[in-house]
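Visitor: Pasting a structure below so you can have a look.
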Amino acid sequence: MSAEIELKTLDRAREQLGAMLRLVEGGQVRCSAATKKPSAATMRLLSEILPGGDFYPGEHISAFAWPLLLQAGGLAAGTKLELTARGRAAIKKDPDEVLLGLWDRWIRGGVIDELSRLEAIKGQKRTNTLSSLKIRRGNAADVLEVLDTGDFTPIEPAFNALFPFGSGFSTVRNERAAYKLYIGEPEYGSLGFGHIEFERTVDMRYLMALLFE
């Protein structure tokens with residue numbers, strides 16, 4: 001049963017890729033010139049017409065991620081996204097090859113820091129707080145090398161698989177930097193306090209954001 005679900009998930013990604021390329025070709029995808037993030041209207045449109053829809057009703061996950069993936073992969077560019085030469089070529093390519101290329105390019109140079117999707121966590125823009133994004137993404141990508149391709153893996157075992165690859169995988173530079181992140185209020189809501197499991201509270205959720213989107 002799980003293998004069947006996985007196949008459906010892969011088919012969904014293939015179909016959504018094709019739909020996105022056609023939507024961009026038709027001039028229906030708009031993004032911010034400054035942040036490259038999709039507009040609210042674009043996310044609503046994508047949530048309604050992407051094959052298979054989004055992961056959760058009312059939550060823009062696939063609808064948020066796809067425009068960023070196409071831009072990071074060099075398939076589309078501009079405020080009203082237009083296909084690049086690479087994007088036009090992708091329409092005729094094997095979708096699995098294109099999807100793999102998008103993932104590789106995102107790991108090497110994605111448009112945003114996925115931690116920013118955890119909007120409740122404040123202080124992310126403070127100087128010398130977050131760890132190297134390139135190294136962090138590379139370590140996270142290594143998780144996929146050890147997961148079973150025939151079944152779904154719960155997030156906790158996937159997260160635990162990170163540590164053999166990068167001792168001390170963390171979203172922050174050091175333990176002191178964790179105090180700069182907070183929820184609600186900088187002093188009493190700091191995430192650096194010892195009673196807070198920072199790895200489970202922040203790092204594991206970062207991994208979820210990366211793999212989800």
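We did not get these values from a lab; they are worked out from the coordinates using the rules stated. A quick note: this is a predicted structure, and the numbers were derived from the prediction, not measured. Heads up, the Cβs are rebuilt from the backbone with ideal geometry, glycines too, and the neighbour counts pull from every protein chain shown.
Visitor: Could you work out which residue, out of L70, L144, L102, moves most in a Gaussian network model of the chain, that is, has the largest mean-square fluctuation with Cα springs under 10 Å?
Guide: Maximum among the listed residues: L144.
Visitor: Rounded, prolate or oblate: pick one for region 133-212, where a ≥ b ≥ c are the square roots of the eigenvalues of its C-alpha gyration tensor, a/c under 1.5 means rounded, and failing that, prolate if a/b is larger than b/c, else oblate.
Guide: Verdict is prolate for region 133-212.
Visitor: Of the listed pairs K93/K125; K93/K122; K8/K122; K92/K134; K80/K180; K8/K125, which have alpha-carbon separations greater than 32 Å here?
Guide: Over 32 Å Cα-Cα: K93/K125; K93/K122; K8/K122; K80/K180; K8/K125.
Visitor: Taking square-rooted eigenvalues a ≥ b ≥ c of the alpha carbon gyration tensor, is region 1-143 rounded, prolate or oblate, where a/c under 1.5 means rounded and, failing that, a/b exceeding b/c means prolate?
Guide: Verdict is rounded for region 1-143.
Visitor: I've got another one for you. In whole Å, what is the distance between the alpha-carbon centres of region 141-199 and region 100-134?
Guide: First find each Cα centre; the distance between them is then 13 Å.
Visitor: Between F163 and Q28, take the C-beta separation as r, use R0 = 35 Å, and let me know the FRET efficiency to the nearest 0.05.
Guide: Once rounded, the FRET efficiency stands at 0.25.
Visitor: What is the set of long-range amide H partners of K80 at a cut-off below 5 Å, with H atoms built 1.01 Å from backbone N?
Guide: C31
Visitor: While we're here: Contact order normalised by length for region 2-111, with contacts defined as Cα pairs under 8 Å and 6 or more residues apart; what percent is it?
Guide: So the answer I get is 29 percent.
Visitor: Let me ask something else about it. What percent do you get for the relative contact order of region 86-210 when only Cα pairs under 8 Å and 6+ apart count?
Guide: 28
Visitor: Moving to a separate point now. How many nm separate the modelled label positions at F193 and D94, each set 7 Å beyond the Cα in the direction of the Cβ?
Guide: 5.3
Visitor: On to the next question. Could you grab the relative contact order for the chain? Cα pairs under 8 Å, six or more apart, rounded to a whole percent.
Guide: Worked out over the chain, it gives 19 percent.
Visitor: With n ≥ 4 as the cut-off for DSSP H runs, can you work out [θ] at 222 nm for the chain, using -39500 (n - 2.57) per run divided by the number of residues, rounded to the nearest 500?
Guide: Helices in the chain give a 222 nm mean residue ellipticity of -13500 deg cm²/dmol.
Visitor: In nm, what is the difference between 0.36 nm times the number of residues separating A13 and R126 and their Cα-Cα distance?
Guide: 37.1 nm
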